[in-house]
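The block underneath contains the structure these notes are about, expressed in structure tokens.
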Amino acid sequence: MIFISHDLRVVRQISDRIAVMYLGSIVEEGSPDAVLRAPLHPYSKALVSAVPRPGRRSERTILQGDPPNPSARLAGCAFHPRCPAALPACARIVPELTSVGAGRRVACHLINRDGLQVGSVA
Ligand code: SF4
């Protein structure tokens, strides 16, 4: 069964796996625990930061701008106009959804195959 929601607390309770989507494409996938405890993709990080946590001071990531028109074909990563970590190459090269180990996949130039953040795109 596929359950679609923006409520990450509910998603965590009922899901065996989570796929985070942006503009109709999966940008991160993995177990609920892994994705929600330590998101790798910048969009996943922004979503997780928006979940209220009692007793904790909010460090919410506010994304700038609006989602682009889904019918307009953007070059590069679809998230690059709003990504706080975008590199120049992100506007040219589409990141592939890549296995990063432990049953996780991420589509971001900043994350290498070991699930580690790298500083630049070759
Ligand atoms: S590929 Fe670039 S623009 Fe896309 S999420 Fe990763 S860092 Fe941000």
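Computed quantities for the displayed model
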quantity: Long-range amide H partners of THR98 with built H, under 5 Å; calculated: VAL106, ALA107, CYS108
quantity: Candidates ALA34, ALA91, ALA75: whichever shows maximal mean-square fluctuation once the chain is modelled as a Gaussian network with Cα springs under 10 Å; calculated: ALA75
quantity: Relative contact order computed over the chain (Cα-Cα under 8 Å; 6+ residues apart), in percent; calculated: 21 percent
quantity: Residue among LEU40, LEU23, LEU97 with the largest mean-square fluctuation in a Gaussian network model of the chain, springs linking Cα atoms under 10 Å; calculated: LEU23
quantity: Region 1-25 and region 41-67: distance between their alpha carbon centers, rounded to Å; calculated: 16 Å
quantity: Highest-fluctuation residue, SER31, SER99, SER15 considered, GNM on the chain with Cα pairs under 10 Å; calculated: SER15
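Every read-out reported here was derived from the displayed coordinates using simple, explicitly stated rules and does not represent laboratory data. Quick caveat: nothing in here was measured; it's all calculated off a predicted structure.
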